[in-house]
There are 2 protein chains.
Amino acid sequence: MKRIKMIIEYDGSNYHGFQIQKNAHTVQAELEERIYELTGEGISISAAGRTDSGVHALGQVIAFDTVSTIPPAKWKFALNSLLPADIKVLKSCEVKKKFHPRFNAQKKRYSYFIYRSGSGQTFLKKYSFCTTEELDIGAMRKGCKIIEGRKNFQSFCASGSSAKSYDRFVSMCSLKEQGPFLVIDIEADGFLYHMVRIIVGTLLEVGRKNYSPMHIQEIIDACDRALAGPTALPNGLFLVKVFYPEDI
Amino acid sequence: MKRIKMIIEYDGSNYHGFQIQKNAHTVQAELEERIYELTGEGISISAAGRTDSGVHALGQVIAFDTVSTIPPAKWKFALNSLLPADIKVLKSCEVKKKFHPRFNAQKKRYSYFIYRSGSGQTFLKKYSFCTTEELDIGAMRKGCKIIEGRKNFQSFCASGSSAKSYDRFVSMCSLKEQGPFLVIDIEADGFLYHMVRIIVGTLLEVGRKNYSPMHIQEIIDACDRALAGPTALPNGLFLVKVFYPEDI
């Protein structure tokens, strides 16, 4: 029995999120079906992040046990030959038996893309929030700084979450301009349900001058989802990278 | 009777090119059907460039005659409400009766995108040629300079062309690096059948050091398609902009 770790990327546009569920096509179901086709094993995959419907991944990490004799580094090619065009294995290797992609993760990085040109939206609307409205970048940057740190993020957690604690450590929240894109990068040791999308929706309200960056501190202090901005659309969100300790 | 000019963008992935043909779905057919739905008129569209199957447009120009009372600037909104997500009108206005998008064009700009990262291809393979091979950028730039000017481009014209003359004036052929992309921009007063894709395929052979940039002059002088490189894949190609005299 070997434990295989894979880094995968996928276009989430045509999936009902990552996690397996009844009567809906998900990335996990697609992966497990293709592995069954390859080895005949009915395996169950663990993943670093359960991305929502329409959310994409450039560096999702998954792991599973197998008795197959396929060499670990060859899994990438074997599985890519069966996977549809919107899911791709970037790397495969063997890991320790105890490795769990979510529980062992030190932090994860998500990036949210905002596209600000009137031209080219036909190509980018599945992969970004497209808007030509004026946004106060300086104010949004101030808002990002207030998000950073270890705090209670209950105001940025959608209802229906089963989280036991709302404390999370956001080690980075930054905004960069890349040509016609605004990119919001967020790194944390863990994320609450819809946390990145509510943070982005709140930063957009700051960009629109609907409230000041300082108001974000009041939102955090209130521990009340109703005070934060709307949940940003899923299609601009990418799970970019998962970080692990070096000895895993 | 009014003559309407439109600037449109489209994702060519799901179309058999621009121009109308039997038993195949094309961008022109889609536009003409939606205009029929809107006004009941069986109009026929003229376009600046007849893009091939899989080729995209950021600034295709079309024109047609209509007796509809829709104000010219409102055509954009009326048609966008009926068009599928992969075709979008960026601008609509009235033009002189004699305006023809192809015959009046002074020059057109095409851009070809080459994506050079192993990560992210899932999102970009419909919109770029994805390759991680090493390319000699300096040699490709030298090759670009040899392409520029007024010359006989028969070596860069696919067979089956009905062109009367192979003389074209390439006013710009340049290569720029934009993050993980190489972008080849080509402007000319007209393009032969597959001309941009054969130029790109030839420049890629120079980048691979399969021949020197100077060999491009020999290819031009030979007036023989067999000597140039292979035709690059259509999906990296975009019709970016069409230029007209100011008084049109």
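The values are calculated or read from the model by the stated rules, or taken from the named source; none is laboratory data. Computed from a prediction, not measured in an experiment: that's the story for all the values here. Neighbour counts run over all protein chains shown; Cβ positions are idealised from the backbone, glycine included.
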Check your understanding: When the stretch A:6-17 is examined, which residues are found to be crowded, with 19+ Cβ neighbours inside 10 Å and either under 22 Å from A:Lys98 (Cβ atoms) or within 14 Å of another protein chain (Cβ to nearest Cβ) (or both)?
Key -> A:Met6, A:Ile7, A:Ile8, A:Glu9, A:Tyr10, A:Asp11, A:Gly12, A:Tyr15
Practice item. Would you check which residues across the stretch B:1-42 are over 24 Å from A:Leu124 (Cα atoms) and either touching a residue at least 60 places away in the same chain (Cβ under 8 Å) or among the charged types (D, E, K, R) (or both) and list them? Key: B:Met1, B:Lys2, B:Arg3, B:Ile4, B:Lys5, B:Lys22, B:Glu32, B:Glu33, B:Glu37, B:Glu41
Study note, to complete from the structure: Restricting the stretch B:128-143 to residues that are surrounded by fewer than 19 Cβ atoms within 10 Å (Cβ to Cβ) and hydroxyl-bearing (Ser, Thr, Tyr), the one nearest to the other protein chains (Cβ to nearest Cβ) turns out to be B:Thr132
Review point. Taking the stretch A:20-34, which residues are polar (S, T, N, Q) and either touching a Pro at 6+ places or on another chain (Cβ under 7 Å) or modelled with pLDDT of 95 or more (or both)?
Key: A:Thr26, A:Gln28
**Study point:** Those residues of the stretch B:164-198 which are out of contact with any Phe, Trp or Tyr (no Cβ under 9 Å at 6 or more places or on another chain) and of a type in the set (A, V, I, L, M, F, W, C), in sequence order
**Key:** B:Phe169, B:Met172, B:Cys173, B:Leu175
Exercise for review: Just give me the residues in the stretch B:129-174 being within 17 Å of B:Thr231 (Cα to Cα) and of a type outside the set (A, V, I, L, M, F, W, C), in sequence order.
Suggested key: B:Thr131, B:Gly143, B:Gln154, B:Ser155, B:Ser159, B:Gly160, B:Ser161
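For (1) within 14 Å of chain A (Cβ to nearest Cβ); (2) among the β-branched types (Val, Ile, Thr); (3) in a loop (DSSP other than H, G, I, E, B), each residue gets a yes or a no:
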{"site": "B:Ile4", "(1), (2), (3)": "no, yes, no"}
{"site": "B:Asn23", "(1), (2), (3)": "no, no, yes"}
{"site": "B:Arg34", "(1), (2), (3)": "no, no, no"}
{"site": "B:Glu41", "(1), (2), (3)": "no, no, yes"}
{"site": "B:Gly54", "(1), (2), (3)": "yes, no, yes"}
{"site": "B:Gln60", "(1), (2), (3)": "yes, no, no"}
{"site": "B:Phe77", "(1), (2), (3)": "yes, no, no"}
Revision key, fill the gap. In the set A:Ala85, A:Ala105, A:Ala158, A:Ala139, the lone residue that is out of contact with any Asp or Glu (no Cβ under 6 Å at 6 or more places or on another chain) and closer than 28 Å to B:Gly236 by Cβ is A:Ala85
Check your understanding: Which residues, taken from the stretch A:105-122, are in contact (Cβ under 8 Å) with a residue 24 or more places away in the chain and within 14 Å of chain B (Cβ to nearest Cβ)?
Key -> A:Arg109, A:Ser111, A:Phe113, A:Tyr115, A:Ser117, A:Gly120
Point to revise | Test: B:Lys125 is of a type in the set (D, E, K, R), within 30 Å of A:Pro84 (Cβ to Cβ), surrounded by fewer than 19 Cβ atoms within 10 Å (Cβ to Cβ) and within 14 Å of chain A (Cβ to nearest Cβ) | key: yes
Point to revise | Residues (within 14 Å of chain B (Cβ to nearest Cβ) and of a type in the set (Val, Ile, Thr)) located in the stretch A:87-104 | key: A:Ile87, A:Val89
Review point. Which condition number in (1) out of contact with any strand residue (DSSP E or B) (no Cβ under 6 Å at 6 or more places or on another chain); (2) basic (Lys, Arg); (3) not assigned by TED's automatic domain parsing to the domain that holds B:Phe191 is the one that B:Lys91 fails?
Key: (1)
Point to revise | Only listed residue being closer than 29 Å to A:Tyr193 by Cα, basic (Lys, Arg) and touching a residue at least 60 places away in the same chain (Cβ under 8 Å), chosen from A:Lys76, A:Lys97 | key: A:Lys97
Check your understanding: In the stretch A:1-19, what residues are modelled with pLDDT of 95 or more and among the aliphatic types (A, V, I, L, M)?
Key -> A:Ile4, A:Met6, A:Ile7, A:Ile8
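Yes/no matrix, rows are residues, columns are (1) among the β-branched types (Val, Ile, Thr); (2) crowded, with 18+ Cβ neighbours inside 10 Å:
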site: A:Asn23; (1), (2): no, no
site: A:Thr39; (1), (2): yes, no
site: A:Ile45; (1), (2): yes, yes
site: A:Gly49; (1), (2): no, yes
site: A:Ala57; (1), (2): no, yes
site: A:Pro84; (1), (2): no, no
Review point. Of all residues in the stretch B:6-33, how many are within 10 Å of B:Val55 (Cα to Cα) and among the aliphatic types (A, V, I, L, M)?
Key: 0
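Yes/no matrix, rows are residues, columns are (1) of a type in the set (A, V, I, L, M); (2) at pLDDT 95 or above; (3) closer than 20 Å to A:His16 by Cα:
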{"position": "A:Gly59", "(1), (2), (3)": "no, yes, yes"}
{"position": "A:Asn80", "(1), (2), (3)": "no, yes, no"}
{"position": "A:Leu83", "(1), (2), (3)": "yes, yes, yes"}
{"position": "A:Phe99", "(1), (2), (3)": "no, yes, no"}
{"position": "A:Thr122", "(1), (2), (3)": "no, yes, no"}
